[in-house]
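**Q** Below are the structure tokens for one structure; questions will follow.
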Amino acid sequence: MKNLKGRAVFAQSGGPTAVINSSIAGGLIEALNQDLITDVLCALHGIKGVLTEDFVDIGKEDLSELYALKNTPASEFGSVRYKLKDFNVDDTDYKKILEIFKKYDVKYFFYNGGNDSMDTCDKISRFMEKEGYPVNVIGIPKTIDNDLVGTDHCPGYGSAAKYVATTITEVYKDAVIYESPLVIVLEIMGRNAGWLTASSALASLTGCGADLIYLPEIPFSLEKFKNDVKKVVDEKRVCIVAVSEGIKNAEGKYVGEDASATDVFGHSSLGGVCGVLKSAVKSIGYKCKAIELNILQRCASHVASKTDVEEAFEVGRQSVIHAVNGETDKMIAYVRRDGEYALDFVGKDLSTIANAEKTVPLEWINKDGTGLTQEFIDYALPLIQGEPERRIENGLPSYAKLKMIKFKL
């Protein structure tokens, strides 16, 4: 809807990244400059902050500190994992959100998150349309998993990929110092899509890459794994293994699944794959170290990609521009141009993105299922380029210092 005048509400959701704050900074700063937006608010802890009217007044923040968000990791305004039910089944939350939107004269709503967040965004947009309330709803993408459909890549992926490739290189250098055989297994995030684990292939460009890379796109065999390791150790003495937390056996069961623990979206708890593989390696007589990278992958802004930081900021800015120009029920996606690396920012229907996953193309995985092809390297390499300028104090990073003044009607 065009020419809407009123307040804008932003919120962050899901697992953070090294650049999710860059996206919201781009959106907040652009919104402050738009004549049709009367006030800019940020809900604390995602959609729950909307439901509890827990809003921060962005107009009271120093512009320099909003820009400092570009290089501040995690979700500065808090996050949440909260699943909205189908409004045809239970519309309680939606009626509350509608009431709050009316109360605060919200005409623009921006939700910054991954797959489940785009589902939340889409549901709110469709409910508001059903109720005839004029509000433009835009999803701002993020996820280190890089599995949102409709976009060439996701904000946060480039920085996480750079961290993984850098860590693989450094671990490799440490692993080869002794004469005895050694296997190191690194467990990397990725439930059903192996994009982040695939980024370990970039370390091959340093001459210190992973020897074996296992993605959830290919069924995993423990016996084949042991044979793969034996072959590498026989040749090189040291074997570096990169494995997705979401690898599954031929029956489709997660190797590291804890079926007794699930989140609000029904996702089973993963983790411990490196421990399973460590036991397998020890069973064939090799010393093995297991490393679970865990949240380090998503918060390591000290090795962030400048390309990722700048693209994330721009997608936040473009989200506001698209909304003010009348777009709604969209996620702003990256579309890669042909030729020299560059992006266009295009609105894609949320209904085609919510609850869908983009996996690594099988043709980008080598025939043995233990590595990536040059096509993947060509795809990922532009995303990890550059070193962003960082604010440093006392030899340590200095992150955004926001006032977080609550908004009052």
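**Q** Among the residues of region 134-147, is there at least one that is within 22 Å of His302 (Cα to Cα), surrounded by fewer than 24 Cβ atoms within 10 Å (Cβ to Cβ) and either small (Gly, Ala, Ser) or out of contact with any Gly (no Cβ under 8 Å at 6 or more places or on another chain) (or both)?
**A** Checking region 134-147: not a single residue is within 22 Å of His302 (Cα to Cα), surrounded by fewer than 24 Cβ atoms within 10 Å (Cβ to Cβ) and either small (Gly, Ala, Ser) or out of contact with any Gly (no Cβ under 8 Å at 6 or more places or on another chain) (or both).
**Q** Looking at region 259-297, which of its residues are of a type in the set (Lys, Arg) and either modelled with pLDDT under 95 or part of a loop (DSSP other than H, G, I, E, B) (or both)?
**A** Across region 259-297, the qualifying residue is only Lys287.
Here is a yes/no grid of residues against (1) aliphatic (A, V, I, L, M); (2) touching a Lys or Arg at 6+ places or on another chain (Cβ under 8 Å); (3) not in a helix (DSSP H, G or I):
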| position | (1), (2), (3) |
| --- | --- |
| Ile140 | yes, no, yes |
| Pro155 | no, yes, yes |
| Thr166 | no, no, no |
| Ile184 | yes, yes, yes |
| Ala201 | yes, no, no |
| Leu205 | yes, no, no |
| Ile213 | yes, no, yes |
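**Q** Taking the criterion of being open to solvent by 10 Å² or more (accessible area, probe 1.4 Å) and farther than 30 Å from Asp145 by Cα, would at least one residue in region 8-20 satisfy it?
**A** No, that holds for no residue.
**Q** Can you confirm whether Asp86 is surrounded by fewer than 21 Cβ atoms within 10 Å (Cβ to Cβ), in contact with a strand residue (DSSP E or B) (Cβ under 7 Å, 6 or more places away or on another chain) and more than 29 Å from Ser244 (Cβ to Cβ)?
**A** no
**Q** Condition (residue is of a type in the set (Lys, Arg), closer than 23 Å to Ile321 by Cα and in contact (Cβ under 8 Å) with a residue 60 or more places away in the chain) applied to region 75-90: is it met by at least one residue?
**A** Checked against the condition, which is being of a type in the set (Lys, Arg), closer than 23 Å to Ile321 by Cα and in contact (Cβ under 8 Å) with a residue 60 or more places away in the chain, region 75-90 yields no hits at all.
**Q** Looking only at region 96-111, count every residue that is closer than 20 Å to His45 by Cβ and of a type in the set (D, E, K, R) and tell me the total.
**A** Selection size over region 96-111: 3.
**Q** For the subset of region 373-409 comprising residues that are in a loop (DSSP other than H, G, I, E, B), closer than 27 Å to Ser204 by Cα and among the polar types (S, T, N, Q), which member is most open to solvent (accessible area, probe 1.4 Å)?
**A** Per the stated criteria, the residue is Gln385.
**Q** So which residues in region 281-296 are surrounded by fewer than 18 Cβ atoms within 10 Å (Cβ to Cβ), hydrophobic (A, V, I, L, M, F, W, C) and over 15 Å from Asp174 (Cβ atoms), if there are any at all?
**A** Result: Ile284, Ile295, Leu296.
**Q** Here's something else I'd like to know. Return a yes/no flag: does region 306-315 have any residue that is open to solvent by less than 20 Å² (accessible area, probe 1.4 Å), among the β-branched types (Val, Ile, Thr), touching a strand residue (DSSP E or B) at 6+ places or on another chain (Cβ under 6 Å) and in contact (Cβ under 8 Å) with a residue 60 or more places away in the chain.
**A** Yes, the conditions are met somewhere in region 306-315.
The values are calculated or read from the model by the stated rules, or taken from the named source; none is laboratory data. Everything numeric here is computed off the predicted structure, so don't read it as measured data. Glycine also receives a Cβ, built like all others from the backbone with ideal geometry; neighbour counts cover every protein chain displayed. In case anyone asks, the SASA skips ligands and DNA or RNA and just uses the protein heavy atoms, side chains included. Shrake-Rupley method; radii C 1.70, N 1.55, O 1.52, S 1.80 Å.
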